[in-house]
Every structure is written in C-alpha cells, then in structure tokens.
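The structure appears below as structure tokens.
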Amino acid sequence: MINKDANTNNDVFAKLASRDSVDQAEFDQFRQFLEDACGISLGDNKQYLVTNRMRRLMDEHKIASFGDLVRSLKQGLHRKLKEEVIDAMTTNETFWFRDVYPYDHLKNALFPQLMGPNNKAFGPLRIWSAACSSGQEPYSISMMVEEFRQKNMGSLARQVQVVATDLSTTVLEQARQGEYDKLSVMRGLSNERLDKFFDKTPAGNWKVKSLLRDRIEFRPINLMDSYAGLGKFDIVFCRNVLIYFNADLKRQILQKIHASLKPQGILFLGSSEGLAGAADLFEMVRCEPGILYKAI
C-alpha cells in the first residue's frame, strides 16, 4: 500500500531543499551580479546569509530554486526583483549616534570652527551622509546642528544643509518618512532627545520633528556612480559601508569622495575602516577619541 501523505511530504521537503540549496557556480554568479550592481563583495562562506535573505523574495515571486533566481537576475528582465534583491543584501543595522565621537566632535569642534561668526565662508555648511540606511545618521547630525544652534543662538554665520543618500530605495523611503518604532528609538537615543526632537504617533511610534527633517534632502545614490550632481561638501560621513567593497572599489570611492569635498573638507569613516590605499588624499587627524580624515 502506497502512503500518499508520505510521498507528498517528500515532495515538499525536496522542493524546500532545492530552494535553499546553493550550487557553487550559481553562488559565484550571484556574487558577481551583486558586485556589478552595487560593489558589494561577498565572502566564500556567505551561502547561508544569501539563502536566508533570499528565501522571502523567492516565496513572494514564486521562484522555485536559487538557480532560477540567479538565471532571472542574469536575464535582467525583472527590474523590481533586481531592486528587491539589492535591498535585501544591502540593508544593514544602524542606530543613533553610532560610536558617539563623530557627533561630539561635530558639535564641539567643527561647528564652532565652521559656523561661528568669525568664519568667512560663503553659502551654507554642507554635510553628506552617505549610505544613510533608514535615516538614523542624518537625523543624528541634524540633532547636533539643532543643539549647537540652541546653545549659540544669535552667533551663527551659516545655515546647514544635510544630503542623505542610499542605494536602497526601500530604506531611503523609510528615512524620508522619519518614523520609528519603540525598538528603533531605544538604540542609542536618550529619553531627553526623544522627547525634544520626536512626536508620538497615534500608532505608538515616534516621528522626527520637522525642524530636523527640513534641513535634510534624501536622494538615491549608488556609491559606484558619479557624485558630481551632489555638489561640494564641507563634511562627509561615509561610515561602516566601505567594509563591504573590495580594495579597488574602496580606493575608487574614496577618490570620488575626495573630489566631492571642499579644500580641507572632513571625512568620517567607520571605527573599523581605513583609507584603503587613498592615504595620499587625506591627512589623518586624531579626535581623542576617534579619527577623522582631512582632504589634502
């Protein structure tokens, strides 16, 4: 007697195994797609990470196997799928005032120097938050601007513009909305700043006040593309993103960031990142604690 239930279960398990299994050649093709699309270099041991992040997308698009997903990406006919795959592979954790020292140095050293009454520069002070993810970094910068303004009312010579960019259109839209759940606001945000700079929503979330949002412009940018349309900046935050690129791409990105900085402009990198072969373009300056890089 044939056990039909057992056969059905075996078919289901076989389909799941096919969906989650990763052939080395297919994985290499996926890695090449990702590097060509956004510069991210995946290590040899990232098969589990890839299948874990792709599983939901494959279910939503009714893609039976990882091999079918790779073939669809190579054909390039499904633009939405391509964008969703990039979003899934580039969405990273972020939180408020990460590492603290860049923001303290911004408020206590750079703003007095660049925004005080003795500064003779023309035009607004321009800050770029590259790879801004869901917005915690540019809003943290904007909070520093506001706290400096409130402390130095009447003695400011310049306005401030913040440009926030990211490759992922999904997280960029979240950043533009500026609304966060309770878990998100607990990650690095003090109760004092939460009460001062956010409004509680009927749904129980927290929404950034307009005085922070109004000075930020959100724009989609792939760090592998040209930055010429963004203009020149006094300060660039490009933190905790270069670690995902290979050495050649890091060098290229740092060269383009250097070109986007004004003379003596400031670059903040992540605490575990370095100049990656671009040491001839920047002077390393110790903030005590932390490090910043000044364009040569």
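Hydrophobic (A, V, I, L, M, F, W, C), open to solvent by 40 Å² or more (accessible area, probe 1.4 Å) and not in a helix (DSSP H, G or I): does that describe Phe97? No.
Leu125 satisfies every condition listed in (1) open to solvent by 50 Å² or more (accessible area, probe 1.4 Å); (2) touching a Lys or Arg at 6+ places or on another chain (Cβ under 6 Å) except (1). Residues of region 11-49 that are acidic (Asp, Glu), surrounded by fewer than 18 Cβ atoms within 10 Å (Cβ to Cβ) and either modelled with pLDDT under 75 or touching a Gly at 6+ places or on another chain (Cβ under 9 Å) (or both): Asp11, Asp20, Asp23.
Filtering region 161-186 to residues that are of a type in the set (A, V, I, L, M), without any contact (Cβ under 8 Å) to a residue 60 or more places away in the chain and closer than 13 Å to Pro138 by Cα leaves Val162, Ala164, Leu172, Ala175.
Being in a loop (DSSP other than H, G, I, E, B) and within 28 Å of Gln177 (Cα to Cα) holds for only one residue in Gly204, Gly229, and it is Gly204.
Scanning region 240-296 for residues that are closer than 24 Å to Ala228 by Cβ, surrounded by fewer than 18 Cβ atoms within 10 Å (Cβ to Cβ) and among the hydroxyl-bearing types (Ser, Thr, Tyr) gives no hits.
Taken together, Ser210, Ser184 contain a single residue that is over 24 Å from Leu292 (Cα atoms), open to solvent by less than 40 Å² (accessible area, probe 1.4 Å) and of a type in the set (S, T, N, Q), which is Ser184. Based on this model, can you work out whether Ile243 counts as at pLDDT 95 or above and β-branched (Val, Ile, Thr)? For Ile243, the condition - at pLDDT 95 or above and β-branched (Val, Ile, Thr) - is not met.
Can you find a residue in region 157-176 that is assigned to a loop (DSSP other than H, G, I, E, B), polar (S, T, N, Q), open to solvent by less than 10 Å² (accessible area, probe 1.4 Å) and modelled with pLDDT under 90? Scanning region 157-176, I find at least one residue that is assigned to a loop (DSSP other than H, G, I, E, B), polar (S, T, N, Q), open to solvent by less than 10 Å² (accessible area, probe 1.4 Å) and modelled with pLDDT under 90, so the answer is yes. Selection of first residues in region 132-151 that are under 11 Å from Phe218 (Cα atoms) and of second residues that are of a type outside the set (A, V, I, L, M) and surrounded by fewer than 20 Cβ atoms within 10 Å (Cβ to Cβ), restricted to Cβ pairs under 6 Å at least 6 apart or on distinct chains, gives the following pairs, ordered by first then second residue: Ser134/Gln174. Selection of region 55-87 for residues being under 22 Å from the mean Cα position of the chain (by Cα), open to solvent by less than 60 Å² (accessible area, probe 1.4 Å) and at pLDDT 85 or above yields Leu57, Leu81, Glu84, Val85, Ile86. Of all the numbered requirements in (1) in a helix (DSSP H, G or I); (2) open to solvent by less than 10 Å² (accessible area, probe 1.4 Å), His105 misses one, and that requirement is (2).
Condition test on Ser271, is it among the hydroxyl-bearing types (Ser, Thr, Tyr) and modelled with pLDDT of 90 or more? Spelling it out, it is not the case that Ser271 is among the hydroxyl-bearing types (Ser, Thr, Tyr) and modelled with pLDDT of 90 or more.
The values are calculated or read from the model by the stated rules, or taken from the named source; none is laboratory data. Everything numeric in this text was worked out from a predicted model, so none of it was measured. Don't worry about glycine lacking a Cβ; one is built from the backbone with ideal geometry, like all the others, and counts go over all protein chains shown. In case anyone asks, the SASA skips ligands and DNA or RNA and just uses the protein heavy atoms, side chains included. Shrake-Rupley method; radii C 1.70, N 1.55, O 1.52, S 1.80 Å.
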